[in-house]
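Working notes, beginning with the structure itself.
The values are calculated or read from the model by the stated rules, or taken from the named source; none is laboratory data. All figures in this text were calculated on a predicted structure; none of them were measured in a lab. Using ideal geometry, Cβ is built from the backbone for each residue, glycine included, and neighbour counts are taken over all protein chains shown.
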Amino acid sequence: MTLRAGERLVAPPLGFRLTADGALVSVAAELEPVRYILRRREAGTAFQTAARELGARGLWTKRGGRWHASTVRALWLGRDRYAPPALPCSAAPDLARSLAIDASHGTM
């Protein structure tokens, strides 16, 4: 298999998909666990606890699997990709707005 310039070797991160032209666009349903993990970790929740809570809420990984502490940790360590400057323009306002709304209501 030969890759052309700009082709990706890995799947897009949770919360995104690739369009036919290779652009990243947000997937609202996939951003829900991302928001949850970011809020819970900011509140000091342990990785394992967050993984259990995601399962109890019926929120699954990108491939439909269970969350594990290591998966939550990997998302947390890569959280910079979800920061507004790093997000594609179409996704940044959605995630930033939802986190701001949650913070204004005091929910985590």
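Descriptive notes on the structure:
- Counting the residues of region 36-64 that are free of Cβ contacts under 8 Å to residues at least 24 places away in the same chain, part of a helix (DSSP H, G or I) and under 14 Å from the mean Cα position of the chain (by Cα) gives 4.
- Residues that are in contact with a Leu (Cβ under 7 Å, 6 or more places away or on another chain), part of a loop (DSSP other than H, G, I, E, B) and not aliphatic (A, V, I, L, M) within region 70-87 are absent altogether.
- Close contacts from region 69-81, counting a first residue that is within 13 Å of Leu38 (Cβ to Cβ) and a second that is surrounded by 14 or more Cβ atoms within 10 Å (Cβ to Cβ) and at pLDDT below 90, with Cβ to Cβ under 8 Å and a gap of 6+ residues or different chains, come to Leu75/Leu14; Gly78/Pro13; Arg81/Pro13; Arg81/Leu87.
- Trp67 passes every criterion in (1) at pLDDT 85 or above; (2) assigned to a helix (DSSP H, G or I) apart from (2).
- Selection over region 55-70 of residues that are closer than 14 Å to Gly15 by Cβ and of a type outside the set (Phe, Trp, Tyr) gives a count of 4.
- One residue stands out in region 34-64 among those that are within 28 Å of Ala23 (Cβ to Cβ) and surrounded by fewer than 12 Cβ atoms within 10 Å (Cβ to Cβ): the one that is modelled with the lowest pLDDT, namely Arg63.
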